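J.: Mind having a look at this structure? Questions to follow.
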Amino acid sequence: MFSDPANLTLANMSELLKKREISSEDLTQAFLERIEGLNPDINAYITIDRAGAITAAKEADKRLDAKQGEPLTGIPIGVKDLFCTKGILTTCASKILNNFIPPYESTVTSRLKGAGAVILGKTNMDEFAMGSSNETSHFGVVKNPWDKSRIPGGSSGGSAAAVSAGMGSATIGTDTGGSIRQPAALTGITGLKPTYGRVSRFGMIAFASSLDQAGPMTKTAEDAAILLQAMAGHDPKDATSIDAPVPDYMANLGDGLQGRKIGIPEEYFASGLSPDVARVIEDAKKQLTELGAELVPVSLPTTKHAIPTYYILAPAEASSNLARYDGIRFGYRCENPEDIRDLFFRTRAEGFGNEVKRRIMLGTYVLSSGYYDAYYLKAQKVRRLIADDFKAAFSKVDLLLAPTTPDTAFKLGEKTNDPVQMYLSDIFTINVNLAGLPAISIPCGFDKDNLPIGMQLIGRPLDESGILSAAHAYQQATQWHTRSPIL
Ligand code: GLN
C-alpha cells in the first residue's frame, strides 16, 4: 500500500505511475483515506466520490499497463463544486442546488477525465463563487491547513486547502476576481488563472460570465502546466472560448528568466501592503534579478478603479445568471407554495445565502433603467481603460510582478460583517480579470506567524507559457513551494 502521497508533486506521481512503481488504485486509495481522515476538520470537500474514483483508477491502471498513459493518467484530483459532473451532485455550495445532479459533463472535467485523471470529489467553495474567505458556503467554512482558526481564502478555498493539506495531487478552481490566486497565496500553493477564453466555460455554473475562468491549483508551476495542457483549447460549446492553438506548455517550461523584462507596477506597492508581504516581495525581486530578469518600473494608474468597477459588473452579470434558479426546473423548491409567485419568492429567499442576495440586488439595481448609464455603462468604459493600462505596460515589459494579497490569511469571522473589507481582499487580483489576462500566484515566503505569502506574475494575453516558465525558474531556485503545513 502506498501510504504517503501528500508530499509528492503531480509530476512525481506521473513518473511513478508511468514506471509502474505505483498503481493509480493504490494512490487513489491513499488520497481517499487521507481525505476521509482530514475532511471532518478541514471541510475541503463537499462530495467525496469514492466509488467513482476507484473505478476510474482501475481504468487508468489498465491504460498505464498497456503503455497508453498520458501525463495525467491515473492522477487523483479534486474539482471545485461548480463544474457540472454527470451523475455527481454539483451544488455550487448553495442550498438552491443542494439536490442538483447534472445530466451532462463540463468540458473541463470531460477533458481531464479523457486524459485519464481520477476525480476524487467536489471541493468546497464560497456560494456561487462569491466571496474571498470560503465562509459563504452552505456546507460550512473551510479551514486553512496552516492555521485552522483562519480562512483559506476564496472562493476556491476548498480546492486550495485540499492541495495544501495533501487531499489530492492538485485541484481545479475558478477565478472571477481572484478566486484561484488569492486562496493559492493564502494556503502556500501555486494557482494559475488562464487568459479569458483559453479554457472552456461550458458546464461551469456561471457567476459573472465575462470574467469567470477555470484553472489549475497545484504544488508547482510544472504541475499547473501539465493540467492546463489537458484543460485548454477551443470548445465549440463555449462561444467565448478562443480558437487558437494550444502551445506545448511543458516544452516551454525551461525557458528561464534570462533577459526577460518584468514590470513592477508602482500602484501595487503603495500603501496598504503589510510589512511582511512587502519584505517578502522585495526578496523575490532580488531573486528574479539573480535569475537574469530585468526589473522595470511601470504604472497602472487605473488600478484604484478596479474594485468599484468589478463590484458593478460582476453583480450585474450574476443577477442575470442567477435568474434561472426559480424552483421550477431544477434545484431546491420551497415547501407547500401557495401559488407560482409564492414558489418563486420563497424558493429564492430560502435557497440563496446573504452574500448572493446582496449581489443580486446590487446587480439588478445597476442594470435598472435610470441607473444603467450611470453605473453599468460607466463601469464598462472604465474596464476598457484598465485593459488599456495593461496593454501600455506590456509594450515595455514581458511580465508584471505584484503581490497576490495585501496580507496573509485572516481569522475566520473577522470580515464576515463587513462586505467592503472582504471585497478589498482582491485588490491586487481583480483588475487582471477585468483585462482578461493570465496570471499565476506562487509561494514566495512566510510571515512572522508562519503563514504563507504569494506573489503574482501577470502575462500578456495567451502567454501562459511565459508566466509558467518564469514561475518554474523561480521555483527551481527557491524552496517556498515545498513547505507543507503540519497536520
Ligand atoms: N472575491 C471576489 C468576489 O467575491 C472574487 C470571487 C471569484 O473570483 N470567484 O466576487
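Values in this text are rule-based calculations from the coordinates and carry no lab data. Nothing here was measured: the structure is a model prediction, and the numbers come from that model. All Cβ positions, even for glycine, are placed from backbone atoms using ideal geometry, and neighbour counts span all protein chains on display.
J.: Among 116-122, 105-111, how do they line up by average Cβ neighbours within 10 Å per residue, starting with the highest?
T.: Final packing ranking: 116-122, 105-111.
J.: Let me ask something additional. Taking every pair of distinct Cα atoms and averaging 1/r, then inverting, what Kirkwood hydrodynamic radius in Å comes out for the range 147-231?
T.: 12.6
J.: Related question: Can you pull out the GluC sites (Glu not before Pro) in the range 311-383 whose DSSP state is coil and whose Cβ has at most 11 other Cβ atoms within 10 Å?
T.: 335, 338
J.: If all Cα-Cα distances of the chain are sorted into 20 Å bins from 0 onward, what percent lands in each bin, rounded to whole numbers?
T.: In order of increasing distance, the bins hold 26, 60, 14, 0 percent.
J.: Please work out how much length the chain gains when fully extended from residue 388 to residue 50, using 0.36 nm per residue of separation minus the C-alpha to C-alpha distance, in nm with one decimal.
T.: Length gained between residue 388 and residue 50: 116.9 nm.
J.: So, in nm, how far is label residue 244 from label residue 339 when the simple model puts each one 7 Å beyond its Cα toward the Cβ?
T.: 5.4
J.: Here is a follow-up. First measure r as the distance between the Cβ atoms of residue 98 and residue 294, then evaluate 1/(1 + (r/R0)^6) with R0 = 30 Å and state the FRET efficiency to the nearest 0.05.
T.: The formula returns an efficiency of 0.05 here.
J.: Can you list which of the DSSP-assigned H helices in the chain have a Cα extent of 30 Å or more along the long axis and an average Kyte-Doolittle score of at least 0.5?
T.: Both cut-offs are met by no helix.
J.: Please rank 449, 126, fewest neighbouring Cβ atoms within 10 Å first, as an exposure proxy.
T.: 449, 126
J.: Please give the contour-minus-distance gain from residue 354 to residue 149: 0.36 nm per residue of separation, less the Cα-Cα distance, rounded to one decimal in nm.
T.: Full-extension gain reported as 71.5 nm.
J.: Which value in nm describes the separation of the simple spin-label points at residue 330 and residue 373, placed 7 Å from the Cα toward the beta carbon?
T.: Label-label distance for residue 330 and residue 373, simple model: 4.0 nm.
J.: Which loop trypsin sites (Lys or Arg not before Pro) in the range 65-95, with loop taken from DSSP, have no more than 11 other Cβ atoms within 10 angstrom of their Cβ?
T.: Here the trypsin sites (Lys or Arg not before Pro) that fit, given the DSSP loop and packing criteria, are 67.
J.: Specify the inter-centroid distance of the range 406-482 and the range 287-352, based on alpha-carbon positions, in whole Å.
T.: 20
J.: At residue 58 and residue 21, where each label point lies 7 Å from the Cα along Cα→Cβ, what is the point-to-point distance in nanometres?
T.: Here the modelled spin labels are 2.7 nm apart.
J.: Using a Förster distance of 41 angstrom, determine the FRET efficiency expected from the C-beta separation of residue 209 and residue 252, and round it to 0.05.
T.: Efficiency for this residue pair is about 0.85.
J.: So, one more: Quick check on packing: order 170-179, 375-384 by the mean number of other C-beta atoms within 10 Å, highest mean leading.
T.: The peptides rank, most packed first, as 170-179, 375-384.
J.: Okay, next question. Taking loop as defined by DSSP and a crowding limit of 13 other beta carbons within 10 Å, which chymotrypsin sites (Phe, Trp or Tyr not before Pro) in the range 120-192 fit?
T.: Within the range 120-192, no chymotrypsin sites (Phe, Trp or Tyr not before Pro) qualify (loop, at most 13 other Cβ atoms within 10 Å).
J.: While we're here: Report the number of Lys pairs in the range 350-459 whose alpha-carbons are under 25 Å apart, with separation of 8 or more residues or on distinct chains.
T.: Here the count comes out as 8.
J.: Note the full-extension length gain between residue 66 and residue 287 as 0.36 nm times their separation in residues minus their Cα-Cα distance, in nm to one decimal.
T.: Full extension from residue 66 to residue 287 adds 75.2 nm.
J.: Cross-link candidates for residue 18: which lysines have Cα within less than 23 Å, leaving aside residues fewer than 8 places away along the same chain?
T.: The qualifying lysines are 58, 62, 67, 113, 219.
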